[in-house]
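The values are calculated or read from the model by the stated rules, or taken from the named source; none is laboratory data. Not measured: the values here are computed from a predicted model. Note that we place each Cβ from the backbone using ideal geometry, even for glycine, and neighbour counts take in every protein chain shown. Ligands, DNA and RNA are stripped out before the accessible areas are found, and what is left, the full protein with its side chains, is counted by its heavy atoms. Shrake-Rupley method; radii C 1.70, N 1.55, O 1.52, S 1.80 Å.
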Amino acid sequence: MVPALVLTAGLATRLRPLSFVRAKAALPVAGTPLIHRILRPLSSAGVQDVVLNLHYLPDTLTSLLGDGSALGMRIRYSWEVPVLGSAGGPTRAIPLLANPESRIPDPGPRVRDPGTFLILNGDTLTDVSLPALLDDHRRSGALVTMAVVPNTEPEKYSGVGVGPDGAFTGWVPRGSREPSYHFIGVQVAEPAAFASVPADTPSEVRTLYPALVAARAGAVRAFRTQASFIDIGTPSDYLETSLLLAAREGIDTSAGAEISPTARIERSILWDDVIVEDGAMLKECVVTDGVRVPADTSWHGVTIRVASGELTPGERRIEGLAIGSL
C-alpha cells in the first residue's frame, strides 16, 4: 500500500475556542482522538508509513501517536514554520514520504521519489474505499485524484467542478447555483503534481490544481463516490458528530470525568480531568481538559474551558473559566 500524508498543521480557527486547548486532530470524538479515527482505517487498508505535518499545538498530537508503533504504523512528522498550506505542506513532506527512516524533511541526495501517495485532511471522517480510489487514479494517469460526493449543501460548502469524463474543471464558489461536488478530504497524488511549488513557501491547491489542468488536460480528476463523510468544522459540528458516534458506538462521553452523584449531564461532551461539582447541570455543552464545573451552576449550549490567553468573540470570563456559545 502507498504511504499517506495527513494534514494536521492548520490553526483550526473555525473550531475555536476548542482548538485553543488541543490541535483539531487531537480532539476526542466520542472518546477516541480524531487522529486515531483517521489512522485506523488507513492501517486496516495496509498503509504502514504515515507523515503528519505539524505547526499548531504539536505536542497534543505527538503525545498521542509517538512513532506510531501502537497503531502498527511508522509515523513521522513534517514541521512547518510558518504553516505552508494545502500545497506547500505536501511539497515539504514528500522527502519524508520517500525516506521512511529519515527524521528530517530534507534528506538531500538520499531522497527518493515516493511514488503515488495519499493525502488526507485531518478534520474529516469518511468511509471512502481507498483501493477503489487508488485504482481509479492509476487507470486515469492523473497527477491528482480527489474523492468527491454530490454537493447537496452548496450554501454551506464551496464545490468542485467535474466534467462528464471525471476531469476537474475548477472550483465552484459557495452559494453558486452551478452543480458541483463536495471534496471529502481524501485524495491521491503523484509527487510531480507539486514540482512547481517553491520549497518552504505557503501555497494552496486552490491555485495549484487549476494551473496543473491548464498545463495538461486531465491532470486533476475526481473520483465520484457515495461514501459517507462527517465534517468537524465548528464547535457545534463537533458536538453533533461526537454525540452521533457515541450513540452509534455505545460510548459514554463523560467517562473520563469525575462527576458528583447530584450533578446532571445531558447530551454533553466532557474531556479529560473534568470535575463536575454537586448540583451542577450541563446540557448540550463541551467541557475541555482540566475544567472544574462549580457546584450549583447550570449551563446550556456552551463551551467551557480553563481561561488562559485570548478569548474568542462571544466568550466571557467567569471565575477562571472561559464560557462560549455553541
Quiz prompt | Top-ranked residue of region 277-298 - restricted to ones that are among the aliphatic types (A, V, I, L, M) and in a loop (DSSP other than H, G, I, E, B), ranked as nearest to the chain's Cα centre (by Cα) | solution = Val291
Exercise. State all residues of region 47-63 that are without any contact (Cβ under 8 Å) to a residue 24 or more places away in the chain and farther than 17 Å from Gly10 by Cβ; if no residue qualifies, say none.
Key: Ser63
Quiz item: From the set of residues in region 162-194 that are of a type in the set (S, T, N, Q) and not in a strand (DSSP E or B), which is nearest to the chain's Cα centre (by Cα)?
Solution: Ser180
Quiz item: Within region 7-46, which residues are surrounded by fewer than 19 Cβ atoms within 10 Å (Cβ to Cβ), in contact (Cβ under 8 Å) with a residue 24 or more places away in the chain and part of a helix (DSSP H, G or I)?
Solution: Arg14, His36, Arg37, Arg40, Pro41, Ser43
Self-check item: Single unsatisfied condition, Val220 versus (1) open to solvent by 20 Å² or more (accessible area, probe 1.4 Å); (2) under 26 Å from Val47 (Cβ atoms)
Solution: (1)
Exercise. Please name all residue pairs, on different chains or six or more residues apart, with Cβ atoms under 7 Å, provided the first residue is in region 303-326 and is touching a residue at least 60 places away in the same chain (Cβ under 8 Å) and within 18 Å of Tyr238 (Cα to Cα) and the second residue is among the polar types (S, T, N, Q) and in a loop (DSSP other than H, G, I, E, B).
Key: Arg305/Thr288; Gly324/Thr312
Quiz item: Considering Glu266, Glu240, Glu249, Glu258, which residue is free of Cβ contacts under 8 Å to residues at least 24 places away in the same chain, farther than 23 Å from Arg16 by Cα and either charged (D, E, K, R) or open to solvent by 60 Å² or more (accessible area, probe 1.4 Å) (or both)?
Solution: Glu258
Quiz prompt | region 299-319 - residue that is surrounded by fewer than 16 Cβ atoms within 10 Å (Cβ to Cβ) and in a strand (DSSP E or B) and, of those, farthest from the chain's Cα centre (by Cα) | solution = Ile318
Exercise. Determine whether Ala4 is closer than 22 Å to Arg305 by Cα and open to solvent by less than 30 Å² (accessible area, probe 1.4 Å).
Key: no
